[in-house]
Each structure stands twice: as structure tokens, then as C-alpha cells.
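Mind having a look at this structure? Questions to follow.
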Amino acid sequence: MAIIVNPKESGSACFALSGKNLLLKEGGKALSFHDLCELKAKFVEADFFDEPSFGVCAIDLGEGKDFPGGYELKTIRQYFAEHAEEDSFRLARARALLAWRRDWKFCGKCGSPLQDHAELTARECPHCGKVYFPRIEPCVIVLVNRGDKILLARHMQRNQDIYACIAGFMEVGESAEHAVRREIMEEVGITVKNIRYRGSQSWPFPDQLMLAFTAEYESGEIKLQKDELSDARWFDRENCPASPQPGSIAYKLIHNEI
Ligand SMILES: [Zn+2]
């Protein structure tokens, strides 16, 4: 079923997003459809849609806005950390769809402006007929075990204050297991065996699908990819440094929850 732009009524879960933040009523309460309509009246250019088939109603307020009294901001990551996966799902979808609708406005084949598809959550080109679905970027994330130790790395560019699992985008043409071996070799120069799939998570910053694996150390010494990592070491699972927060699949891998 297609989305409804500028809905007049909705029974869906309601989200107002501002960049990487979620707008809540004071006290952390969820917004109502009435709240979204009030925000739309104030921010008339904001993208506002309802997707009844997924139960998601969302408005994109953009960043750096002054909001009316009675609202407060919470980071989306914090919301993920505090809520079960079932609750986080609709927010993840709202965030991913708003970002996709913002960034995918023209046909990559002929350059014409796209229109919302009449029957699907998709956009289509009125000129050449090509249909575009919301984008998903598959990534692999892997926890490498060596006896009782686990391998964690600190990145140069992102999340520099924590140690995390090895992760990276899949390349065209490769399997997820190939991507796991390649990323580990590129980033730390070791080989692994017994690669096991553990689970997945949508991570809408903006559109990653994280495929989580564990693997066992096979051979080699840690050799850092200097432009990516500032450090990588074997740690005791019970004595880890600061690592990703709850709500992320990295946390579940590190804490043996999947
Ligand atoms: Zn086209």
C-alpha cells in the first residue's frame, strides 16, 4: 500500500524528526497525530506522510529549528537504547523513509523529477517509467573471537571515544561472508574461520542494514589500516573498554546477546 502525503487522519505511531533527533512532548511522551498536524501548520514545507501498512506517520522538521513550547528533543540513538526492537522498528522506518524521500527526488536514468508511486512505497519517473524503492545499504559487522578474547577497534573518523566491532559496507558482487573476510583483512590484517551469521538490524543513519557475524581468529598479527583505525586489540569480554551503547547490534555482539 502506498503512503499518504499530508494525511488528514491516521491511526499510526506518530514521529516528528529533526536531523538525528526525535521530538517528544515534555516528559518524554509520544506525539499524537494532532501534534503532527500542529507542527505541519507551523512548518508548512515539512515532508509529512502516513504509511498505514507499516503503522508509521512522520514529519521531517529539518535541523536547527525553533520548536513551540511543550516539546523536547531526544536523540534517535538514545530512543533505540531505551526501547525494545519492536518499538524501535517504526521509528527506524520513519527516519529511513524521510531521509530517502529528501534525497531521492530525480530519476537517475533520465533526470526527470520523480513522483510518489500510486500503489507502493516507492517513487516513479513519469517520463521513462523507472520505479525507485527506498534504498538499503547492506553492511557487515563482525566480532572476532580468539579463545577468551574479542577483537575491538577504535576508528579514526567516527565514534573516536569507543572501541567497536569491525564493520564495513558490502561491495557489489560479494557475499556477506566475503565482505566479512575482506573487511577484517583490510582493517586489521588477520584471517578468520568459522564465520557465523548472528542476526541483523536496520540502522537508519541513514539507510544501513547491519548483518552481524561472529568469526574465529585463524592467523596473522594485527596490522592497522592507518587511515581507518587508531587502535585495535584483543580484550577480555568481561573487561572491555567503552563500547557501543545498548540498542545497537554491536552491543549485542560484544555482550553475547545474539
Ligand atoms: Zn526517468
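Please treat every number below as a calculation from the coordinates, not as lab data. Values in this document were obtained by computation on a predicted structure and should not be read as measured data. Cβ: placed from backbone, ideal geometry, glycine included. Neighbour counts: every protein chain shown.
For Q115 and M1, calculate 0.36 nm times their separation in residues minus their Cα-Cα distance, and state this gained length in nm to one decimal.
39.5 nm
What distance in nm lies between label points placed 7 Å from Cα along the C-beta direction at M156 and H255?
About 3.1 nm, to one decimal.
What residue among I141, H117, L98 has its Cα farthest toward the positive end of the dipole of the stretch 96-161, where the charges are +1 on Lys, Arg and -1 on Asp, Glu, each on the Cβ?
I141
I'd like the FRET efficiency for V44 and D227, computed as 1/(1 + (r/R0)^6) with the beta carbon distance as r and R0 of 41 Å, rounded to 0.05.
After rounding, the FRET efficiency stands at 0.40.
Something else about it: Just want the answer: with Cβ charges of +1 for Lys and Arg and -1 for Asp and Glu, which residue in G27, A41, I222 is farthest toward the dipole's positive end in the chain?
I222
Something else about it: Taking loop as defined by DSSP and a crowding limit of 12 other beta carbons within 10 Å, which GluC sites (Glu not before Pro) in the stretch 149-203 fit?
Passing sites in the stretch 149-203 are E171.
Same structure again: Using Cα atoms only, what is the angle between the long axis of helix 85-103 and the major principal axis of the chain, expressed in degrees (0 to 90) to the nearest 10?
Taking the Cα atoms of the chain, the angle to 85-103 is about 70 degrees.
Name the residue farthest towards the positive end of the dipole of the chain from the options S243, L211, P68, assuming +1 on Cβ of Lys and Arg, -1 on Cβ of Asp and Glu, about the Cα centre.
L211
Further question on the same structure: Can you give the FRET efficiency to the nearest 0.05 for F106 and N239, using r as the Cβ-Cβ distance and R₀ = 45 Å?
It comes to 0.30.
Using 0.36 nm times the number of residues separating K193 and N145, minus their current alpha carbon distance, what extension gain do you get?
Here the answer is 16.3 nm.
Determine the dipole magnitude for the chain: charges of +1 sit on the beta-carbon of Lys and Arg, -1 on that of Asp and Glu, nothing else is charged, the reference point is the Cα centre, and the result goes in debye to the nearest 20.
200 debye
Given the DSSP H assignment, sum -39500 (n - 2.57) over each helix run of at least 4 residues in the chain and divide by its residue total; what's the result at 222 nm in deg cm²/dmol, nearest 500?
Using -39500 (n - 2.57) per qualifying helix, the result is -6500 deg cm²/dmol.
Evaluate E = 1/(1 + (r/R0)^6) for I136 and K29, where r is the Cβ-Cβ distance and R0 equals 35 Å; express this FRET efficiency to the nearest 0.05.
Result of the calculation: an efficiency of 0.65.
In addition: At 0.36 nm per residue, minus the direct Cα-Cα distance, what do K8 and K20 gain on full extension? Give it in nm, one decimal, please.
Fully extending the segment from K8 to K20 adds 1.7 nm.
If you place +1 on the Cβ of every Lys and Arg and -1 on the Cβ of every Asp and Glu, how big does the dipole about the Cα centre of the stretch 1-80 come out, in debye to the nearest 20?
For this selection, approximately 220 debye.
Relative contact order for the stretch 4-103 using alpha-carbon pairs under 8 Å, separation at least 6, rounded to a whole percent?
With pairs under 8 Å counted, the relative contact order is 34 percent.
With contacts defined as alpha carbon pairs under 8 Å and 6 or more residues apart, what's the relative contact order of the chain in percent?
That works out to 17 percent.
Using only the Cα atoms of the stretch 31-160, build the gyration tensor, take square roots of its eigenvalues as a ≥ b ≥ c, and label the shape rounded, prolate or oblate: rounded if a/c is under 1.5, else prolate if a/b is larger than b/c, else oblate.
It comes out oblate by the Cα gyration axes.
Turning to a different aspect of this structure: Cut-off under 18 Å on the C-alpha distance; same-chain residues fewer than 8 positions from K109 excluded. Which aspartates and glutamates are left, in chain and number order?
K109 reaches E124.
A follow-up question, please. Just to be sure I understand the model, the point goes 7 Å from the Cα along the line to the Cβ. What's the resulting D87 to M185 distance in nm?
Between D87 and M185, the label points sit 4.4 nm apart.
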